[in-house]
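The structure appears right after this line, and notes come after that.
The values are calculated or read from the model by the stated rules, or taken from the named source; none is laboratory data. Note that the structure is a prediction, hence the values are computed from the model and not measured. Here the Cβ is made from the backbone with ideal geometry for all residues, glycine too, and neighbour counts use every protein chain on show.
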Amino acid sequence: MQSVRPATIARALRGACRTQSHNAAKRYHSRLVFQQSARHHGRSLQSTPAFHPRQLLPLAQARNASSSSSSSSSSSDTNHGSSSNEAAPLQKTPLYDFHLAHGAKMVPFGGFHMPVQYADLSVGQSHIFTREHCSLFDVSHMVQRVFSGPGAAQFLQRVTPSAVESLAPHRSTLSCLLHPDGSGGIVDDTVISRLPEGRFYVVTNAGCRDKDNAYLDREIAKWNAEPGHEGLQVHEERLEGQGLVALQGPDAEAVLASALDGEDGLDLKKLFFGQSAYARLKIREGKISSSPLLISRGGYTGEDGFEISIPGGETVAVVDALLAVGGAERVRLAGLGARDSLRLEAGMCLYGHDLTESTTPVEAGLSWIIPKERRTADSGFYGAEVIAKQLVPKSKGGAGVKYRRVGLIVEGSPAREGAEIWSRPEEDGGEAVKLGRVTSGCPSPTLGKNIAMGYIKDGSHKPGTKVNVLVRNRPRQAVVTKMPFVPTKYWKGE
């Protein structure tokens, strides 16, 4: 769910991954000499007093929590080409100075200064390190929101296809905001988590910040003004300045467990994918604890991992603590370059590329986010009538879809966004027919192959279908492939 990637990220991926086959990355990785010391983890907190985020704590705790604001603002990693984002001065996450101190190459992304990679590892090496150990990503640019009020669940069930009312506390679901015109088009993709006291924590994409803000302001105002909704009012709070980091990879659980304040009693083995909990981390060399942080198990890489929402003034100390307890042999900082190739290997969508307002969840291969009880035309969410018809294939009397999102393995040069997908005449004996186009593509550091994602005509979407992809106007052989390209490793129990 990250945003449109600028040319700087695309160049970084090409430069790092072009010659980075899996074996080459392995050979380099085996030669890495990990520094066991020199981890600067004694950084003090900002001068503002530490605070418990009222928006994220259960209300009983929040009443006793002190609050102060911190610098910078958050946003998400999705883009819809917002001109206001591009014109406005770039914002900084709470980790901006930290990134510079650790050798980050910064690029504009989603309206923020963001790290694309760090001096110690190339993008390809960082990618492999994440798959084998774990990496820490700054995703504070994403927009963190909290919805509350007696009508919050019902409101979210209007603007998304999710069964929000049935979510148990500290459970989450991938979802999407839907266009109010009834087309079923996706305004943005999002993750919704239910918190105690009937509140909902929603993370949306940075590049869609202005568009999403306007959409939600309009929809909430409309909801609150409707007759009969006097007792179903909805309120939204945007957590400006809140930090958000993602700890991703097979060593993520062990690293986070080492940093937890044991008095909270959180057993990470019992915190499964799609669940969340509040816990404090030992910071400032383990001498004090952080505020209770919202820790969610999941991420955008296909690996096991966690996303941690942190008060802005504590973000640097928390990141320092995680790096210190993990050590350079287990955890490294990673940037947007590795994040993009990791998400593509995991078959995850990038808004503004693989998802747009003209794409429905069914076309995007996201039918699974729509629960059975909400698959009828009268389900009450925007576009329900269109989506319900698309869920039923034409062969069974439904509308089906004209195009479907698929994965591709491409021979030769990697296919990039916009590359056309054509039928292969030598396979069927007919004339070449245009079937679709690529929406994301890059070399896979894990597989040593060129992978891509795109939309192809229904009927040609089955795995194993042989097609051609035009790369620089030259046909390259490709095969439709089931996603994810690399098996996911989400923690769902033994």
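In the range 353-370, the count of residues that are at pLDDT 95 or above, more than 23 Å from the chain's Cα centre (by Cα) and among the charged types (D, E, K, R) is zero.
Listed by position, the strands (runs of 3 or more DSSP E) inside the range 358-471 whose residues that are touching a residue at least 24 places away in the same chain (Cβ under 8 Å) and closer than 26 Å to V191 by Cβ number at least 1 are 403-410, 434-444, 449-457. One residue alone among S440, S444, S423 is hydroxyl-bearing (S, T, Y), over 28 Å from the mean Cα position of the chain (by Cα) and not assigned by TED's automatic domain parsing to the domain that holds S126, and that residue is S423. Only one entry in I288, I283, I295 is surrounded by 20 or more Cβ atoms within 10 Å (Cβ to Cβ), modelled with pLDDT under 95 and not hydroxyl-bearing (S, T, Y), namely I283.
Within the range 88-135, the only residue that satisfies the criterion of being of a type in the set (D, E) and within 20 Å of G241 (Cα to Cα) is D97.
Residue-by-condition table, conditions (1) assigned by TED's automatic domain parsing to the domain that holds E236; (2) under 23 Å from D320 (Cβ atoms); (3) over 17 Å from the mean Cα position of the chain (by Cα):
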site	(1), (2), (3)
P94	yes, yes, yes
M106	yes, yes, yes
P115	yes, yes, no
D120	yes, yes, yes
G124	yes, no, yes
S135	yes, yes, no
Q144	yes, yes, no
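Of all residues in the range 170-214, which are of a type in the set (D, E, K, R) and under 13 Å from M142 (Cα atoms)? Of everything in the range 170-214, those that are of a type in the set (D, E, K, R) and under 13 Å from M142 (Cα atoms) turn out to be D188, D189, R209, D210, D212. When L247 is tested against the conditions (1) without any contact (Cβ under 8 Å) to a residue 24 or more places away in the chain; (2) buried (at least 16 other Cβ atoms within 10 Å of the Cβ), the lone failure is (1).
If you go through the range 180-198 and keep only what is crowded, with 19+ Cβ neighbours inside 10 Å and either over 21 Å from the mean Cα position of the chain (by Cα) or not in a strand (DSSP E or B) (or both), you end up with G184, G185. Just one of the listed residues (E253, E263) is part of a helix (DSSP H, G or I) and touching an Asp or Glu at 6+ places or on another chain (Cβ under 8 Å), and it is E253.
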